[in-house]
1. Taking helices (runs of 4 or more DSSP H) that fall entirely within region 124-232, which contain at least 2 residues that are modelled with pLDDT under 80 and crowded, with 18+ Cβ neighbours inside 10 Å?
2. Of the residues Ile351, Ile366, Ile355, which is in contact with a helix residue (DSSP H, G or I) (Cβ under 7 Å, 6 or more places away or on another chain), under 30 Å from Leu125 (Cβ atoms) and either in contact (Cβ under 8 Å) with a residue 24 or more places away in the chain or open to solvent by 40 Å² or more (accessible area, probe 1.4 Å) (or both)?
3. Which residues, counting only those in region 286-307, are of a type outside the set (A, V, I, L, M, F, W, C), open to solvent by 40 Å² or more (accessible area, probe 1.4 Å) and farther than 27 Å from Met140 by Cα?
4. Of the residues in region 100-128, how many are of a type in the set (A, V, I, L, M, F, W, C) and over 26 Å from Leu358 (Cβ atoms)?
5. Out of curiosity, is Phe319 under 21 Å from Gly443 (Cβ atoms), under 23 Å from the mean Cα position of the chain (by Cα) and part of a helix (DSSP H, G or I)?
6. From the list Ser316, Ser336, Ser293, pick out the single residue that is in contact (Cβ under 8 Å) with a residue 12 or more places away in the chain and either in contact with a Pro (Cβ under 6 Å, 6 or more places away or on another chain) or acidic (Asp, Glu) (or both).
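The values are calculated or read from the model by the stated rules, or taken from the named source; none is laboratory data. Only a predicted model underlies this, so the values are computations on that prediction, with no experimental measurement involved. Here the Cβ is made from the backbone with ideal geometry for all residues, glycine too, and neighbour counts use every protein chain on show. The accessibility values were calculated without ligands, DNA or RNA, using every heavy atom of the protein model including side chains. Shrake-Rupley method; radii C 1.70, N 1.55, O 1.52, S 1.80 Å.
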Amino acid sequence: MGLPVQDNQMSIADTLGLGFMTFAFFLGAGNLIFPPFAGMLAGGNMPLAMLGFLITAVGLPLVGLIAVAKAQGKVMAMLPVFAATTLAIAIYIIIGPAFAAPRTGLVAYEIGAKPFIDDTTATFLLGSLELNLSQLLFTMCFFTVTMLLALFPGKLLDSVGKVLTPILLILLVGLAASVMFLPASEVGQAVGDYQNHPLTKGILEGYNTMDTLASLMFGMLIIDILRKKGIEQPSAQTKYLIRAAFIAAAGLAFVYVSLFFLGATAGDIAIGAKNGGEILTNYVTREFGDLGSVLLSSVVTLACLTTAVGLVSACSEFFNELMPKLSYRFLVIFLSVICAVIANVGLTQLIAISIPVLMTIYPVAIALVVITFLTAYFANPQFAHRAVLSVALFFGIFDGLKVAAKSLTDADGQAVNGFAQGFIHVVDVMSPVLSKLPLYEEGMAWLLPTIATIVLCLVFGRGRDQTAAA
């Protein structure tokens, strides 16, 4: 008998390619538009705000990928089938066709294409809808390219990890170097919530990247890619996934620190800016002129494209497993079309709608990552998982309701319509009770109850173990 066949080993180049691909999947729309704006608002409190942002936008996605590797992709195995399926569907819809994927196309248009289009005001009527012509054409082209790349998932490592991402990294290093050596101004003053709660505000701002949600899904996608590369042994898959996670985390941290610094030193170029994309555009145009605009356009378009490919691929894989009658290729085409349609809602509106949803679902994702590492320490892991996630969801709903009510008011603080007025009234009635929850005003009412539930499950388990031993 011959020796048993060993799993294929990945070369250093393949491992770096996997890490670069993971980094590129995460580095998308929110990663480029939120840090500069947060840096501008944080001003002198930038270090604390940046630390908070790095916790939820780098630390948690890193830990999320490691959790997926540890659980071999089965992070929801302890939940009832219906609950696990519902949670997975909700996450995939959020990071896929509902919010994250369409946002990549919108940001690519706003920063990567709009500055080079002579007339961006042309519109046409489609029934009762008024659509922006240039935005519609761009998003159609953008998601067509996304679809073509996602149709061949076996080639993702080569097309994304080894070709697109090195180009993206070179451009980002150039931008980061210019920010460090050519700051636009001195660091400004903190404003808004960044004056009193910079750390908490930074943590919540990191939610907007949606990367913790994405890490749960990208981890499974990467494991599938490793299998296609011949890496079948679970321990080897875990090893390579963790290496890829650290490479991606280092890249993300480098980008975020640079963009926070850019926003904090923006000075006059940030006056009137409504989002970080405008700050980026203004800075690059002032420092580098037309060449800088082309550079920024390339960075944003590549970052958004690689993320869109990862999101569409992950969602298609998931729904194909859930509904085998729907082929992977059909789902890629279908989801790409849906993303192109939703992208034409508009960037501002899409972000406003997504924030309350993220405030509700993010606590569940964070809690899921944490308890995945603690599973072995629970005497009753199944009960612990269900209890902790239920508490995180229950209190997360309150955080989501508060943000939703605030988003339904105009600049004067008045309800935008009758429905909004009724919804705000309901939240106002609950506020005297909800405001007694620790960290409710900061938007993190879920945190302490969830931690308390985890501790109780651990202590309860320890007591049972000691009784059994006696």
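1. 165-181, 211-228
2. On the way: Ile351 fails: in contact with a helix residue (DSSP H, G or I) (Cβ under 7 Å, 6 or more places away or on another chain); Ile366 fails: under 30 Å from Leu125 (Cβ atoms).
None of the others qualify; the one that does is Ile355.
3. Correct list: Arg286, Glu287.
4. Taking region 100-128 and keeping what is of a type in the set (A, V, I, L, M, F, W, C), we get 100-101, 106-108, 111, 113, 116-117, 122, 124-126.
From the residues that got through so far, the ones that are over 26 Å from Leu358 (Cβ atoms) too are 113, 116-117, 122, 124-126.
Residues that pass the stated criteria total 7.
5. Numbers: under 21 Å from Gly443 (Cβ atoms): no; under 23 Å from the mean Cα position of the chain (by Cα): yes; part of a helix (DSSP H, G or I): yes.
It is false that Phe319 is under 21 Å from Gly443 (Cβ atoms), under 23 Å from the mean Cα position of the chain (by Cα) and part of a helix (DSSP H, G or I).
6. Working: Ser316 fails: either in contact with a Pro (Cβ under 6 Å, 6 or more places away or on another chain) or acidic (Asp, Glu) (or both); Ser336 fails: either in contact with a Pro (Cβ under 6 Å, 6 or more places away or on another chain) or acidic (Asp, Glu) (or both).
None of the other options fit; the residue is Ser293.
Condition check ((1) of a type outside the set (A, V, I, L, M, F, W, C); (2) more than 25 Å from Phe373 (Cα to Cα); (3) at pLDDT 90 or above) across all residues:
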| site | (1), (2), (3) |
| --- | --- |
| Ala29 | no, yes, no |
| Ile33 | no, yes, no |
| Gly44 | yes, yes, no |
| Met50 | no, yes, yes |
| Phe53 | no, no, yes |
| Ala57 | no, no, yes |
| Gly64 | yes, no, yes |
| Ala69 | no, no, no |
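Residues checked against (1) surrounded by 13 or more Cβ atoms within 10 Å (Cβ to Cβ); (2) within 22 Å of Val75 (Cβ to Cβ); (3) hydrophobic (A, V, I, L, M, F, W, C); (4) modelled with pLDDT of 75 or more:
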{"residue": "Ala392", "(1), (2), (3), (4)": "yes, yes, yes, yes"}
{"residue": "Ala411", "(1), (2), (3), (4)": "no, no, yes, no"}
{"residue": "Phe419", "(1), (2), (3), (4)": "no, no, yes, no"}
{"residue": "Gly422", "(1), (2), (3), (4)": "no, no, no, yes"}
{"residue": "Leu439", "(1), (2), (3), (4)": "yes, no, yes, yes"}
{"residue": "Val455", "(1), (2), (3), (4)": "no, yes, yes, yes"}
